[in-house]
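Encoded as structure tokens, the structure appears first; notes follow it.
Every number here is computed from the coordinates shown, using simple stated rules; none is lab data. None of the values given here were measured: they were computed from a predicted structure. Every residue, glycine as well, gets a Cβ built from its backbone with ideal geometry; the counts of neighbours run over all protein chains shown.
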Amino acid sequence: MAPPQPKSGLFVGINKGHVVTKRELPPRPCHRKGKSTKRVSMVRGLIREVAGFAPYEKRITELLKVGKDKRALKLAKRKLGTHKRAKKKREEMAGVLRKMRFVNVELYCDKTKILLGSLSFKCFGMVNSLPLLICCIIMINC
């Protein structure tokens, strides 16, 4: 269907009708449904930090560590009920793993001398899933 043409002001013809200016309505509360606020995300983060992970979430992370993404999805689907929720949970757990790996790399790098972009370097095998740029590079002669 073609976009509506502006009214001509005439009561006959193709674009017949009275010319009016459309009212600008304020945004409705129902349009922001599902968007998480800063406070809610902070509280959820705090609860996650205090309570930790559920046993099935720990099992999903273990499956993701060994590369069994499909098995992790099946487990999440069995525990959560729907495919959509399972995919979201798998991505959440993968994000947690990525963040944990990155923090571990940063902690390990803080304890040793590092130089990014050095000509003489040694790269760890423990961060093989992260891009090579993020990989910790340690000078051999330290």
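Some points to look at:
- Sorted fewest first by neighbouring Cβ atoms within 10 angstrom, R71, R59, R39 come out as R39, R71, R59.
- Among M42, M93, sorting on how many other beta-carbon atoms sit within 10 Å of each Cβ, with the fewest leading, yields M42, M93.
- R71-K7 pseudo-label distance in nm [points 7 Å out on the Cα-to-Cβ vector]: 6.6
- Distance from the alpha carbon centroid of the stretch 75-102 to that of the stretch 1-70 works out to 21 angstrom.
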